[in-house]
Each structure stands twice: as C-alpha cells, then as structure tokens.
1. If I ask for residues that are at pLDDT below 90 and closer than 17 Å to Thr100 by Cα, which ones from segment 64-82 would you list?
2. Tally the residues that are surrounded by fewer than 21 Cβ atoms within 10 Å (Cβ to Cβ), free of Cβ contacts under 8 Å to residues at least 60 places away in the same chain and touching a Gly at 6+ places or on another chain (Cβ under 8 Å), restricting the search to segment 379-403.
3. Would you please name the residue that is surrounded by the most Cβ atoms within 10 Å (Cβ to Cβ), looking only at residues in segment 22-41 that are part of a strand (DSSP E or B) and free of Cβ contacts under 8 Å to residues at least 60 places away in the same chain?
4. How about segment 306-326: which of its residues are under 17 Å from Pro270 (Cβ atoms) and in contact (Cβ under 8 Å) with a residue 60 or more places away in the chain?
5. Can you name the condition, by its number, that Glu159 falls short on among (1) surrounded by 23 or more Cβ atoms within 10 Å (Cβ to Cβ); (2) in contact with a His (Cβ under 8 Å, 6 or more places away or on another chain); (3) not hydroxyl-bearing (Ser, Thr, Tyr)?
6. Restricting segment 352-373 to residues that are without any contact (Cβ under 8 Å) to a residue 24 or more places away in the chain and closer than 23 Å to Thr125 by Cβ, which is nearest to the chain's Cα centre (by Cα)?
7. Keeping to segment 51-79, report how many residues are touching a residue at least 60 places away in the same chain (Cβ under 8 Å) and more than 19 Å from Ala34 (Cβ to Cβ).
8. Quick check: anything in segment 220-242 more than 22 Å from Ser268 (Cβ to Cβ) and surrounded by fewer than 21 Cβ atoms within 10 Å (Cβ to Cβ)?
Amino acid sequence: MGNSVGSITSATATLTVTSAPVGPTIATEPTDQAVSQGQTATFSVVAIGTAPLTYQWQQNGTDVSSNSATYTTPPTKLTDNHAQILVKVSNAIGSKTSTTVTLRGIPPPADTASVLMHHNDNQRTGQNLSETTLTPNNVNSNSFGKVGTLSVDGLVDAEPLYASGVMIGGVAHNVVFVVTEHDSAYAFDADAFTQLWKVSMLGTNETTSDTRGCGQVAPEIGITSTPVIDLKAGSHGTMYLVAMSKNGSNYFQRLHALDLTTGAEESSSPLTIQATFPNAGGHTTFDPKQYKERVGPLLLNGVIYTGWASHCDINPYTGWVIGFNQATLTQASIINVTPNGSDGAIWMAGAGLAADGSGNIYFLDANGTFDDTLDVNGFPNQGDYGNGFIKLSTAGSTLTVADYFNTHDTNSESNGDVDLGSGGAMVLPDLQDDLGNTWHLAVGQETTAACIS
C-alpha cells in the first residue's frame, strides 16, 4: 500500500483451503458371525468421515461398551443365539447406522442332548447320562427359569420333544417339536423361539374329534400321546405320531410319519388304522371312535408299537397293542389282551410303552376281564389279562404274552375301578445285589408298586 510520501509492503500471508467436514459413511458393513456356545464373536466395521469418529455398538437394542471399529462379545450363552448386532458411527457432523447382522450359535452335533421319545429312552427311565450343559453351578435361582413362550393352537397333552442340529432351510437349528389336541404339529427354533414349520393332521373336510362323552380330554381330541423321532429314518429324520379326527359320524385314527425338516408326510403316510383280532366268537374289531392313543408309541427294531385307551370307561372297548412297520407303516403285529372279555384300556398316565434290551415290551393294562381259570402254563385260558402288568415278547415278529402279574384281588379291583394301569411302566437299569446276582426288573404304579422280571 502507499501514499504521496511512499509505500510499504505487508508480510506475506498464506491462504489454506481445507476440505469441508464430512459426515460418516460406512465403507464395509459388519457381517453375521457364528460361534459355538462359550466362544466370543468379533464384529467389525470400516467407516470413513471427518475424524474423530466414535463407535457405539448395540446388541438386541442395548448399548454395549465398545468405542472401536470392532466389537468382541463376552463368551456367548445359549440365550445369545440369534442376537441382533449393529453399530452407530458418529462425528461432529452427524451419524450413520450400520445394517443389522446376526450372532448365531452353532448347535451341538446331532444326536447329542436330544429327547426323541417319552422319557428319553425305550426303558422310559428319563435319565440323561451324558448331560454336560446343566450343572449345579448354573442351575440356580439367578440363571435358571423361563426364557420364552411358544404359542400353539390347542392343548398340549404330549411331551414336547427336542432334536439338536437339524438342518432346516440350509441352517442348523436346535428344534423343539410340539403336537396339539387341535391335530397340529409344530417345529420351533429352541433358542430363538421362532416357528420353523406347522402342519395339520386333518384330512379334507375333517375336524378334530369331539370328547366322545368323556371330559378327560377336552374340548377336542387330536394328538394326545407323545410322538417318537428317528433321526436316521427317511431323508432327513422322521417323527411318528397318531392323530384322531372325524368327518361327520365317521372317526379316524391315523399313524403319520413326518419329515423333520418340513413337517411333510413321508411317502407311506398317513395310514388309517384298522384291525381285527381272533376270539372265541370269531374276532373283535378295532373301532376308532371308541379309542384314543394315550400312551407314547414305542419304536423298537423297526416297528412302531401303539397302545390304546378308552374314553373314560365307555364300552365297548378292549385292550389293544398294534405294531406297524416303520418303513411302510403297514401292520406288522397285533395283540388284544382282553379279546374274550371287556375293558382293559392302556392308560399309564400318558407314559410310553417300555422295552428291554431283548426286545420285550412292558405295560400296565387297566381294569378289565381276567380269566380266573388258568391253563397248564399258568396263563389265563381265554387270553384275558385285564388289570395286569404284562410282558410281551416280539420274537418272530409276533406279539405274545411272555409273563404277567395280577394282584390277588384283581377282580375286586377291576369292579371298584382301582386300575393297576393308572401309572406307567419303567424298565430299571440292571441291578446287582450283595450276592452278585443281577436282577432285570420292570416297575409299575397303582396305589402300590408292582414288579415283573
């Protein structure tokens, strides 16, 4: 600058042009992670924007402590399966939220920790000798209790079943299977409690059965007994169950074989159950409207054995055990334990038909006809074993009574409706006494216990 006298030059100044502040954007999104229970999972994000950037991770909508581009979970628990993970990246200009990704727990290998039938095994002991998850340290008032609810369309009288590592839609799931008196079968993810599939056992124009004048199963009768699962049957494993339905005045009992992964009927399924058994008058006929399958079916050496109860004590009914070929569902064997008498329902409080390692079947038969006249082998001469604790042989693919027990006052018990068969049968693990003798025992319950060897 200058005037008439002179001029002067200022110091040189530098003009620096900087980029305008930029809000965050996400260059690389987090991805789903799958880990085994007890392991940690690490999620990461790549974000750009004007520094400094801050990171707030969330798991299932709750903030977690991690101001970093990565988030490592604590050791995962069963309840962390299917947790939803995201991160919010912020700076002075604004913020950006990532896509939501999933933390998935890898189920244990199939066949471990599974419950595939009533009370875990064919002996009906209920024991699990390979338990590793539940311990005295984690089963306590702080960590053990209700974790979710599964909604279904009817009453559940059957025991829910559980299979681990079932591949459904290309993803391994731990699955809870539930059946209802509305004739529906469900598969639920056992960890996320989401429904995987649902199918109905009802045929065209059919409904569930009415109560048949008995309030024991009400207001409808559909699937009453606990199914049985074979993980090796069919293409993906199969669940076998019995369902009751009706169309007008026609009643049906059907045996179903369902694919574990979809609930679809297998090629031979369903089978409408029909049966006759010889007696002194010719034969007795299975009438589907007079029966319900209350006891859990037994899968033994490729045969599915079913036992049948009445509706209350509404006659006519007798005591049936019917076996079906597992692969084809065709009838394989049959016995009626009161063919020349009456009653003899197989209730057992919803327990399952039991079996030992030699292929014998054990059950308790409720009040019914017992032949006081015995044959030369000490068996009822007309084949009527009402109110008895019965051991059936399956040798030669034929059902025959191998042994039985009736109380000394069996007739008065039956007349007084004091059922020997009010509880289930259980085959005990082999017992050794102080003398080194090994005992093979089965036990059953009424008001007092009974044993058979």
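1. Scanning segment 64-82 gives Ser66, Asp80, Asn81, His82.
2. Adding up the residues that qualify gives 2.
3. For segment 22-41, the residue satisfying everything is Thr28.
4. If the condition is that a residue be under 17 Å from Pro270 (Cβ atoms) and in contact (Cβ under 8 Å) with a residue 60 or more places away in the chain, then Thr306, Gly323, Phe324, Gln326 are the ones that fit.
5. Every listed condition holds for Glu159 apart from (1).
6. First pass over segment 352-373, keeping only residues without any contact (Cβ under 8 Å) to a residue 24 or more places away in the chain: 357-358, 373.
Next, only the ones that are closer than 23 Å to Thr125 by Cβ stay: 357-358.
Details: Gly357: 24, Ser358: 26 Å.
Step by step, filter segment 352-373, then rank; the result is Gly357.
7. Here is the first cut: in segment 51-79, the residues touching a residue at least 60 places away in the same chain (Cβ under 8 Å) are 78-79.
Right, trim to more than 19 Å from Ala34 (Cβ to Cβ) and you get none.
So the count comes out to 0.
8. Taking segment 220-242 as the starting set, the residues that turn out to be more than 22 Å from Ser268 (Cβ to Cβ) are 220-221, 224.
This time we only want the ones that are surrounded by fewer than 21 Cβ atoms within 10 Å (Cβ to Cβ), so: 220.
The answer is yes, given that some residue of segment 220-242 is more than 22 Å from Ser268 (Cβ to Cβ) and surrounded by fewer than 21 Cβ atoms within 10 Å (Cβ to Cβ).
The values are calculated or read from the model by the stated rules, or taken from the named source; none is laboratory data. Keep in mind it's a predicted model, so treat the numbers as computed, not measured. Backbone-built Cβ (ideal geometry, glycine too); neighbour counts: all protein chains shown.
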